[in-house]
């Protein structure tokens, strides 16, 4: 490129490898303090949707492969690739809500928490990401298992249309009738998507008038019986109760403990309490360390709770597996592994009764959920000298449950562990269809596929 300060037609800032501020910009592209040692040749920070076709045209002219970033919350750092162009869409945050039609048009950089706040003012809701700072672009492309997904489905299923820029620079609108194949792929292809989505049109849901949570913290010895009891109780829970089991280390005692949390999204507090009733009497053999039944809460409090699990300024590695195995077996194996973790901040989550139990909620999407439970392990640490030890622990812990797995959730899979993680995030038919569509829409391989 002749002018190091510009990309033709792009209004947003540009930084190139070797520029004085390059490393600071690169470091700020990921929320995770543990960043892959990969460096794009040029980082283009779009100031508006007009910058996207111009950036794609320049990438084609210069022979640069393209990776795309919306908010930088990819656990495995998918936006960072060696060489080529990184197209940063984080400044694109436009949000237009139509309360009468219960729809919204959003740009990819809009954070989940900000979208939730805007919708609440209109009495509406959407299954946004569990982290307030998670941007909608990458979240929707990856399927989007967020708040209340048991009732509202994965977020990608509520996408009604997109606007995208293809590999040849064409700006296209996609829905179930127009460019339907590209629309199908945009709802679940994750970092393997072969175009740039600049806007999503979303169907919205009536906002809950009340949210309540039942929660317990107990000793690890209760894990198998409690997890299996919860799995049975889940059959009596309405779809709008979200159940999560967490294994973590109690900072006071150093003991691995099990937390159970059931959150109901309802029309009133009484309705929420009735929905949570099947979780009211767990079969504890020892008194729990904490017990709270049908306590009123809010979206702000829920976001604060997840922020406490994954604090900023730390280093993370994560992986996930879908499974039909009983949760007690899964969590017993991972509980044993967590006791050997090099960092006491690491944790394990098991989400029960997810959207996968109701195929009707999925629609015709590339998102291929594959199990009754989604189990995720997170290595969390803050010392760079312990990077290798923590990543090694994560992969060893997930190896303990790998024989019980049916696949991965593309948005949280350790895509750099091996080549199979991306493939096993989809059914065989959907994986083949994605490959065929990539050949059709991006025959020259302009866009990076899944990271390895």
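The values are calculated or read from the model by the stated rules, or taken from the named source; none is laboratory data. Just so it is clear, the model here is predicted, and its values are computed rather than measured. Note that we place each Cβ from the backbone using ideal geometry, even for glycine, and neighbour counts take in every protein chain shown.
Brief remarks follow.
- Flag for residue 364 being farther than 24 Å from residue 403 by Cα and over 18 Å from the mean Cα position of the chain (by Cα): yes
- Among residues of segment 6-42, those that are closer than 16 Å to residue 81 by Cβ and in contact with a helix residue (DSSP H, G or I) (Cβ under 6 Å, 6 or more places away or on another chain), counted: 1
- Helices (runs of 4 or more DSSP H) wholly inside segment 261-347 containing at least 3 residues that are in contact with a helix residue (DSSP H, G or I) (Cβ under 9 Å, 6 or more places away or on another chain) and in contact (Cβ under 8 Å) with a residue 60 or more places away in the chain: 327-338
- Residue within segment 178-189 that is touching a residue at least 60 places away in the same chain (Cβ under 8 Å) and surrounded by fewer than 20 Cβ atoms within 10 Å (Cβ to Cβ) present: yes
- Scanning segment 367-389 for residues that are surrounded by 24 or more Cβ atoms within 10 Å (Cβ to Cβ) and either more than 14 Å from the chain's Cα centre (by Cα) or over 25 Å from residue 138 (Cα atoms) (or both) yields 373, 379, 381.
- When restricted to residues that are over 30 Å from residue 384 (Cβ atoms) and surrounded by fewer than 19 Cβ atoms within 10 Å (Cβ to Cβ), segment 298-324 contains 4.
- Checking residue 104 against (1) surrounded by 23 or more Cβ atoms within 10 Å (Cβ to Cβ); (2) outside any strand (DSSP E or B), the condition it does not meet: (2)
- Residues that are assigned to a loop (DSSP other than H, G, I, E, B) and within 27 Å of residue 316 (Cα to Cα) occur at least once in segment 110-120.
- Taking the criterion of being assigned to a loop (DSSP other than H, G, I, E, B) and buried (at least 18 other Cβ atoms within 10 Å of the Cβ), the residues of segment 417-445 that qualify are 417, 424, 425, 426, 442.
- Condition met for residue 401 (at pLDDT 95 or above, within 15 Å of residue 319 (Cβ to Cβ) and assigned to a strand (DSSP E or B)): no
- Restricting 214, 166 to those that are modelled with pLDDT of 95 or more, in the same structural domain as residue 338 (by TED's automatic domain parsing) and either over 25 Å from residue 413 (Cβ atoms) or surrounded by 21 or more Cβ atoms within 10 Å (Cβ to Cβ) (or both) reduces the list to 214.
- Residue within segment 82-91 that is surrounded by fewer than 24 Cβ atoms within 10 Å (Cβ to Cβ) and under 15 Å from residue 196 (Cα atoms) present: yes
- Every pair of residues 6+ apart whose Cβ atoms lie under 8 Å, when the first sits in segment 95-107 and is free of Cβ contacts under 8 Å to residues at least 60 places away in the same chain while the second is part of a loop (DSSP other than H, G, I, E, B): 95/107; 95/110; 99/122; 99/123
- Qualifying residue in segment 251-263 (condition: assigned by TED's automatic domain parsing to the domain that holds residue 352, exposed (fewer than 13 other Cβ atoms within 10 Å of the Cβ), within 13 Å of residue 212 (Cβ to Cβ) and in contact with a strand residue (DSSP E or B) (Cβ under 6 Å, 6 or more places away or on another chain)): no
- Members of segment 227-250 that are surrounded by 24 or more Cβ atoms within 10 Å (Cβ to Cβ) and over 26 Å from the mean Cα position of the chain (by Cα): none
- For residue 133: the one exception among (1) in contact with a strand residue (DSSP E or B) (Cβ under 8 Å, 6 or more places away or on another chain); (2) part of a helix (DSSP H, G or I); (3) in contact (Cβ under 8 Å) with a residue 60 or more places away in the chain; (4) over 22 Å from residue 243 (Cβ atoms): (2)
- Residue in segment 78-92 that is free of Cβ contacts under 8 Å to residues at least 24 places away in the same chain, outside the structural domain of residue 267 (by TED's automatic domain parsing) and over 23 Å from residue 262 (Cβ atoms) present: no
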